[in-house]
Amino acid sequence: ALRMRPFAGPSVWLEFTPLSKLTSSVNLGQGAPGWASPPFVKKALVKACQDDSYCQYARSAGAPVLVEQIARQYAPKVLPSTMKSRKIDPATEIVVTVGASQAISLACTALLQEGDEAILIEPAFDMYTAAVQMAGATPVYIPFRSRSNGAIATANDLCVDLEDLENAVTEKTRMFVLNTPHNPLGKVFSRDELIEIADVLDRKAPSCIVMSDEVYEHLVFEGEHVPFASVSENAFDRTLSIYSFGKTFSSTGTKIGWVVGPHNLIRDLQIAQQFVVFCTNHMGQAAAAEALELSQAPYDNFSTYFDWICDVYRKKRDFLVEVIRAAGLEPIVPQGAFYICARVPDGHPLKEKTGVPEKVQELVKEGKLQIDPGTVDRSDYNISRRLVVQKGVTTIPISAFVKPELVGESALSKDFIRFAFCHPDHVLKEASRRLR
Ligand code: PMP
Ligand code: GLN
């Protein structure tokens, strides 16, 4: 269909994952943990598969065992302090989805229509633009800005300019997309920043919905994760908070996600879900419920599994930041999630040549690889391609997270590549060896 033309790509994932495999490269590209789910999650999955009650369809908006668990665990997180006595209704204020990916798509399908505008902060996870456009609405972009206008040393140096946000609001604004902790930048929005954003929306866009993607909620290395919904009653009333079982439990293959929000917004997602997938896989939902319950228990000398996994990732971040520096690149040290964006400075050997490397051109000619023709002249794409063919390390070019028309305009869309550190130490060490 004509509508799909802008997405024909292929997307960055469909180039770099196959390219990584074809070249036996160390894959620090697509963000999937390089290890198995923890034993208590695997056990829960096996148990659910052996339980006859989960062999057939689940309730459309989510299996009761799971939505009840989510309601219990998320009420204290997403409700503002002034709404303490309120609960999250498992039946009407949650919808379980096929990963957070389908939550994003469902929210846009259910709540956007032709003529609506959705404000995104770029660089933005590539799925948002596609989901907004596939729903017939128009994405409007505001950039992350550097607080000091100087070099960006940590993700905390990046912020949303409230004037940019105010100026982006029109009478058509229907959605604001927030992502904290942020993919790809690793920025974690502070409570104060979120309150300021909420104030702008209250003043300028009272009927705007916030789609708050918080799939990396447990991976915060400095500061704390604050759900946007929790900053005020108005914020709660306008927000859909999105979470992912895959990201939380190193189980991306299970593809379970959930959306929490007020009934008047969730209602439309529940209506739509009946006609999209009807329901999400039942065994995975039962396992997710059990895993959420067990996650609260002490784990390997930490008070919960989440504290443990966060510590694991923090050490990997610190290691890879040094590897990136030693390779002559300039990392933006992330405060959360599991990616590091790094700038390739002028004069770096990776910039000596331009254009698509010959090896990649050959693979395309042989029909083994597809690349998006729109990216052949982008310097970050060609730096990432060169890193694969010359050094055997796969990364993701940041302009994949920027609208094509804006590439080059935003400082962050030039010569930045993203490394994922969700990998075992021996893999990160091998990447280090290759990058040296
Ligand atoms: N949002 C963000 C910011 C992500 O990085 C991802 C990872 N794919 C998703 C959503 C999708 O999560 P899931 O794997 O649960 O579909
Ligand atoms: N969120 C992951 C990443 O950013 C996976 C991407 C995807 O599944 N499309 O690498």
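The values are calculated or read from the model by the stated rules, or taken from the named source; none is laboratory data. Everything numeric in this text was worked out from a predicted model, so none of it was measured. Cβ placement follows ideal geometry from the backbone for every residue including glycine, while neighbour counts extend to all protein chains displayed.
Okay, residues lined up against (1) surrounded by 17 or more Cβ atoms within 10 Å (Cβ to Cβ); (2) within 26 Å of residue 183 (Cα to Cα):
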| position | (1), (2) |
| --- | --- |
| 24 | no, yes |
| 49 | no, no |
| 60 | yes, no |
| 68 | no, no |
| 84 | no, no |
| 94 | yes, yes |
| 101 | yes, yes |
| 108 | yes, yes |
Hey, residue 207 hits all of (1) hydroxyl-bearing (Ser, Thr, Tyr); (2) over 19 Å from residue 336 (Cα atoms); (3) crowded, with 22+ Cβ neighbours inside 10 Å but one; which does it fall short on?
(3)
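For (1) under 30 Å from residue 392 (Cα atoms); (2) away from ligand 1 (no atom under 16 Å from the Cβ); (3) in the same structural domain as residue 427 (by TED's automatic domain parsing); (4) within 25 Å of the chain's Cα centre (by Cα), each residue gets a yes or a no:
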{"residue": "12", "(1), (2), (3), (4)": "yes, no, yes, yes"}
{"residue": "17", "(1), (2), (3), (4)": "yes, no, yes, yes"}
{"residue": "25", "(1), (2), (3), (4)": "yes, yes, yes, yes"}
{"residue": "49", "(1), (2), (3), (4)": "no, yes, no, no"}
{"residue": "54", "(1), (2), (3), (4)": "no, yes, no, no"}
{"residue": "62", "(1), (2), (3), (4)": "no, no, no, yes"}
{"residue": "76", "(1), (2), (3), (4)": "no, yes, no, yes"}
{"residue": "80", "(1), (2), (3), (4)": "no, yes, no, yes"}
{"residue": "98", "(1), (2), (3), (4)": "no, no, no, yes"}
Can you pull out the residues in the stretch 240-299 that are over 22 Å from residue 46 (Cα atoms) and within 16 Å of ligand 2 (Cβ to nearest atom)?
242, 243
Sort out which residues of the stretch 110-151 are closer than 14 Å to residue 7 by Cα, in contact with a Leu (Cβ under 9 Å, 6 or more places away or on another chain) and within 16 Å of ligand 2 (Cβ to nearest atom), and write them in order of number.
128, 129, 131, 132
Being of a type in the set (A, V, I, L, M, F, W, C), over 22 Å from the mean Cα position of the chain (by Cα) and in a loop (DSSP other than H, G, I, E, B) is the filter here; which residues of the stretch 191-209 pass it?
205
Quick check, is residue 364 outside any strand (DSSP E or B), closer than 16 Å to residue 17 by Cβ and touching a residue at least 60 places away in the same chain (Cβ under 8 Å)?
no
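Residue by residue through the stretch 30-51, note down the ones that are away from ligand 2 (no atom under 16 Å from the Cβ) and part of a loop (DSSP other than H, G, I, E, B). Spell out how you get there, then give the answer.
From the stretch 30-51, those away from ligand 2 (no atom under 16 Å from the Cβ) are 36-51; that's our starting set.
If the condition is that a residue be away from ligand 2 (no atom under 16 Å from the Cβ) and part of a loop (DSSP other than H, G, I, E, B), then 36, 37, 38, 51 are the ones that fit.
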Given the options 188, 200, name the one that is in the same structural domain as residue 103 (by TED's automatic domain parsing), touching a His at 6+ places or on another chain (Cβ under 8 Å) and more than 21 Å from residue 88 (Cα to Cα).
188
Evaluate the following for residue 399: is it modelled with pLDDT of 95 or more and of a type in the set (Gly, Ala, Ser)?
no
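Conditions tested, residue by residue: (1) over 16 Å from residue 19 (Cβ atoms); (2) at pLDDT 95 or above.
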| position | (1), (2) |
| --- | --- |
| 332 | yes, yes |
| 360 | no, yes |
| 404 | yes, no |
| 423 | yes, yes |
